[in-house]
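Everything on this sheet refers to the single structure shown next.
The values are calculated or read from the model by the stated rules, or taken from the named source; none is laboratory data. Remember, predicted model here, so these are calculated numbers, not experimental data. Note that we place each Cβ from the backbone using ideal geometry, even for glycine, and neighbour counts take in every protein chain shown. Each accessible area value is taken on the protein alone, full model and side chains, heavy atoms only, with ligands, DNA and RNA left out. Shrake-Rupley method; radii C 1.70, N 1.55, O 1.52, S 1.80 Å.
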Amino acid sequence: MKGIPASGGIAIGKAFVYSKDPLRVSPETIAPEDVPAQQAALDAAVEKSREQLLAIKSRAGEALPEKEAAIFEAHLMFLDDPEYTGIAREKIGMELVPAAFAVKAVTDGFVEEFRAIEDEYFRERAADIADVGERIVRNIQGAAEADLSLIEAGSVVIARDLAPSDTAQLDRTKVAGFVTEVGGKTSHTAIMARSLEIPAVLGLTGATREIRAGETVIVDGDEGTVITAPDEAEIEAYAKKKKAYEAEREELRLLTGAPSVTADGHRVRLFANIGLPADAEHAEKNGAEGIGLYRTEFLFMDTDAMPDEDSQFIAYRRVLEAMRGRPVVIRTLDIGGDKELPYLKMEQEENPFLGVRALRLCLKEPALFKTQLRAILRAGAHGDARIMFPMVSGVDEVRQAKAVLMDCKRELAGEGAAFDPEIKVGIMVEIPSAALTAEAIAKEVDFFSIGTNDLCQYTLAVDRMNAGVGYLYDHFHPAVLRLIKLVIDAAREAGVHAGMCGEMAGDEKAAALLLGLGLEEFSMGAASLLRVKRAVRGTDLSKARRLADEALRLESAGAVRALLEAAGGTGSRG
Ligand code: PEP
Ligand code: MG
């Protein structure tokens, strides 16, 4: 099967088919003689749930933070509570309903009761009991696995889609590879997979139907192929390819401490993109000189309530401390498009990528925006934090956002709080209108960061999530290159920094071209850092400038690719 190659490397493992589709519970009544069988099904499912939870808990002992381990403890407690499973058991006999329906009804009752209590603790318990109920129902029905924590070592996760919060919660030591039905190269699943260095093939329609749980699959994240039920020869061939890939990775490790300078001595800054505070350590290990993009939305997507100012502050401070004084660009909330917050009521939109997304949403919801800005400002007292606004379409939005920032500074000063009053402010240039008016915007900011993922999407009118038009999505399109050039030139003219944090910055084949266009700061998933460093070190800047001039005059992405290939010497792999 052929999908989109989204994260490099080879995986050979057992399929773990994952589905979060809502459970369907039938309210049909049962015959009185079926009561014992349904009660037995309930007992068996409770027992199975107990085994699963104990297994998770014993593994959790070492791997999970204390808080999460405590959650499973709470789940076990509910399972043993006769008030809960006992009532469900009785309900089957008294109301003549199937086991799954009885469990769901009793669970919903408890959840409602707990939610009504004005206390954080009980509201959290409501989520726990809902989870336990769902686990029992799934076990009664034998439904596809809905719990990623049940994954066994060496698994290839097969899913329709993986929310960033799913990928983040996975025990990556157990995941050999990812296969999903939706998502493109720059979808957030792809970005996460690369940052975890796990091979991934996305956009494989029908994968969850066609791949059976437990069967052996091979994932080739470079080619975008997935092979089911491979024969001996295929396994052997791919095992060999896997070894070669790992050997190259080892070789790249030797570059970790080496400076990022071009062959003719020009210094380039290589930063990392992160999605979770824990990624900062990974970035450090790969020699990142700073964080060029911290996608804060994962912090908001991972919970069922809006994180408050203090919990955001703690997360941001953790990243700043991990980076020990080096710059950390914290991007304000980029929600909308393909990312939703379950607890934030958002209007259904016909075209969410053109709708109330990112900064537009923040300007509409000033309380949410201010909470985040205050947390970043306060974290700024603990390191070199910088603020970056996403999805800017023109200078007015920047002025509005800065006015809100100014309010936050005033408030914090009034409260006597510690914060960074001189915090640097920049924007993502990811909408063509912002690129085309970059000189006006440059007067308002300290830096630009070019977001090629969206810049391509909006310039080429190609939905970055839509596998059907994936063949048109290409950051080497001369239209994209010309916009990048405009931004870099406007920044230089105004004396502000211009970096790039879209996936193009992590494409080793693009490195020489981008250097030639004048880019001096590249920010990318940590897994790409060493490859790009190798490409930078192999590039001669004066030659790269000529290459860029030529590329800008070409007529198509294909022509640019051909030019780069002919120029060679970028150290690029196939
Ligand atoms: C981009 O659009 O290039 C970018 C870096 O932001 P995101 O991928 O989070 O939209
Ligand atoms: Mg973007």
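Quick notes
- Here each label is just a point 7 Å from Cα along the line to Cβ, and for residue 545 and residue 34 those points are 8.0 nm apart.
- With all pairs of different C-alpha atoms in the average, the Kirkwood value for the hydrodynamic radius of the chain is 25.6 Å.
- Mean sequence separation of contacting Cα pairs (under 8 Å, at least six apart), scaled by the length of the range 264-567, corresponds to a relative contact order of 18 percent.
- The orientation-averaged projected area of the convex hull spanned by the Cα atoms of the range 242-288 comes to 4.3 nm².
- Ellipsoid equivalent to the range 457-547 - semi-axes via the Cα gyration tensor, in Å: 22, 17, 13
- Long pairs among 509/533; 241/509; 339/364; 185/543, criterion Cα-Cα beyond 19 Å: 241/509; 185/543
- Residues of type aspartates and glutamates that residue 443 reaches as a straight line, Cα spacing below 19 Å, ignoring anything fewer than 8 places off in the same chain: 396, 397, 422, 430, 489, 493
- The chain, relative contact order [Cα under 8 Å, separation at least 6], %: 14
- Carbon/sulfur fraction of accessible area - the chain, other protein chains in place, 1.4 Å, %: 51
- Taken about its Cα centre, the range 152-238 carries a charge dipole of about 460 debye when Lys and Arg each add +1 at the Cβ and Asp and Glu each add -1 at the Cβ.
- Packing here is the average count of other Cβ atoms within 10 Å per residue, and on that basis the peptides 520-531, 215-226, highest first, run 520-531, 215-226.
- Over the range 264-567: Kirkwood hydrodynamic radius from C-alpha pairwise inverse distances, Å: 19.6
- In the full protein context, the range 152-238 carries 38 Å² of accessible surface per residue, based on a 1.4 Å probe and ignoring ligands, DNA and RNA.
- By average C-beta atoms within 10 angstrom, highest first, the peptides 532-543, 105-116, 485-496, 287-298: 287-298, 532-543, 485-496, 105-116
- DSSP beta bridge pairing in the range 264-567, given as percent antiparallel to the nearest 5: 5
- Rounded to the nearest 20, the Cβ-based charge dipole of the range 21-141 about its Cα centre (Lys and Arg +1, Asp and Glu -1) stands at 340 debye.
- Qualifying aspartates and glutamates (Cα of each under 18 Å from Cα of residue 345; at least 8 residues distant if same chain): 297, 302, 304, 308, 334, 365
- Our estimate of slack between residue 48 and residue 346, defined as 0.36 nm per intervening residue step minus the Cα-Cα distance, is 103.5 nm.
- Based on C-alpha pairs under 8 angstrom that are at least 6 apart in sequence, the range 450-574 has a relative contact order of 27 percent.
- Cα-based Lys pair tally, the range 21-141, threshold under 20 Å, eight or more apart or on separate chains: 4
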